[in-house]
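One structure below.
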Amino acid sequence: MKRFKYLAHSAIGACMALMSVAASAQVQLSIGVAPSCPYGYYDTAPYGCAPYGYYGPEWFSGGVFIGAGPWFHGPENFRGGVDNHFHPAHGYAGPAPHPGEAPRPEARPGVIEHFQGNEMRDGRGNVR
């Protein structure tokens, strides 16, 4: 009985050690230089370039995107409209710009005609 108890405790300890190793292996944090995207970034991982029309005009200052995700350094009380129909997690499969790509000349960042956002975000991944 004593041997069985020892084996049981050893097996439980080994399982817990393996689970903690597996769990820590799944957690990764890497913050580097923000990708250069013409219209901005999704404020949730994987921070890919957002298609034109995803963000409302309040996300821009003088035609320059002010940021979202880990690169956002706006005021604490910032709120901006987004149209998450353009987010791949919501089924969007249309064209999206690639990092380093310039905005299309006909698209004017910060002046989005008839923008219809369906959410308010704070730029840090929180829906408000």
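The values are calculated or read from the model by the stated rules, or taken from the named source; none is laboratory data. Given the structure is predicted, the values throughout are model-derived calculations rather than measurements. In this analysis, Cβ positions are derived from the backbone assuming ideal geometry, glycine residues included, and neighbour counts consider all displayed protein chains.
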Would you call Ala102 part of a loop (DSSP other than H, G, I, E, B) and either at pLDDT 85 or above or small (Gly, Ala, Ser) (or both)? yes
Return the residues of the range 32-56 that are touching a helix residue (DSSP H, G or I) at 6+ places or on another chain (Cβ under 8 Å) and over 18 Å from Arg124 (Cβ atoms); say none if nothing qualifies. Pro51, Gly53
Could you tell me how many of the residues in the range 57-71 are modelled with pLDDT of 80 or more and either hydrophobic (A, V, I, L, M, F, W, C) or in a helix (DSSP H, G or I) (or both)? 8
Do you know which residues across the range 105-128 are among the acidic types (Asp, Glu) and either without any contact (Cβ under 8 Å) to a residue 12 or more places away in the chain or in a loop (DSSP other than H, G, I, E, B) (or both)? Glu106, Glu113, Asp122
Is it the case that the range 75-88 has a residue that's under 17 Å from Pro38 (Cα atoms), among the basic types (Lys, Arg) and part of a loop (DSSP other than H, G, I, E, B)? no
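So that you can scan it fast, the table gives a plain yes or no per residue for (1) among the aromatic types (Phe, Trp, Tyr); (2) touching a helix residue (DSSP H, G or I) at 6+ places or on another chain (Cβ under 9 Å):
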| site | (1), (2) |
| --- | --- |
| Glu58 | no, no |
| Ile66 | no, yes |
| Val82 | no, yes |
| Ala89 | no, no |
| Tyr92 | yes, yes |
| Pro97 | no, no |
| Gly100 | no, no |
| His114 | no, no |
Among the residues of the range 98-120, is any more than 19 Å from the chain's Cα centre (by Cα), surrounded by fewer than 13 Cβ atoms within 10 Å (Cβ to Cβ) and basic (Lys, Arg)? yes
Anything in the range 69-92 that is surrounded by fewer than 17 Cβ atoms within 10 Å (Cβ to Cβ), among the aromatic types (Phe, Trp, Tyr) and under 16 Å from Pro57 (Cα atoms)? List them, or say none. none
